Structures are given as structure tokens and as C-alpha cells.
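Some notes on the structure that comes next.
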Amino acid sequence: GDIVLLAKPVTLTEGDRVTLTTDVPVATDGTSKPEKLLYAVSLPPVHGQIEHINYPGVPISSYRRLDVVAQKVSYVHDNSHGAGKESLR
């Protein structure tokens, strides 16, 4: 089936962390089991990383929808100066 992904912008300053929620990003694949979705980070962020809160400092390349629902996935800005807009893919 088709996959739809909607994302909302988040503004961070250097060193900030934002926990991903079911609002950011919103995804559906047309099945009745959205909790089974697996997100893969195909292009890692340039000025930070995606982390599981149980393993701070360790970048991850994939995470499950259940991790997002449980608020266990976050984006951490890496304190790089002059960082512009960042997008996750």
C-alpha cells in the first residue's frame, strides 16, 4: 500500500533535544496496525542525531512506532554553530 508521512517543523537551539511524538512525524501505511510501522533514517541529520532515550549519545538508524508512542525517541542537536535548517529523512 501507499505510505503517507506528514511532518511538522520543530525549532531548536544548540544543544536542545526534542522527543518525537505521534504528531511529529505522523505516518500511515494504509493498514490497521500503525503500531507496527518501522521508521528508517535514510539520511542522518547533519547537526545532530536521532537517539533512543535508553541509550543517550548513541545514534540510531531505525525505530518503531511503539517507541515513538512511548516517547523513547529523540532528536538531539549537536551544538554545532551556524547550523541552518535541518530535515530528517
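The values are calculated or read from the model by the stated rules, or taken from the named source; none is laboratory data. Since the model is a prediction, treat every value here as computed from it, not as a measurement. Note: accessible area is taken over every heavy atom of the protein model, side chains too, but ligands, DNA and RNA are not part of it. Shrake-Rupley method; radii C 1.70, N 1.55, O 1.52, S 1.80 Å.
For ALA27, the conditions (1) modelled with pLDDT of 70 or more; (2) outside any loop (DSSP other than H, G, I, E, B) are fulfilled apart from (1).
Filtering the range 42-52 to residues that are under 14 Å from VAL18 (Cα atoms) and open to solvent by 80 Å² or more (accessible area, probe 1.4 Å) leaves nothing.
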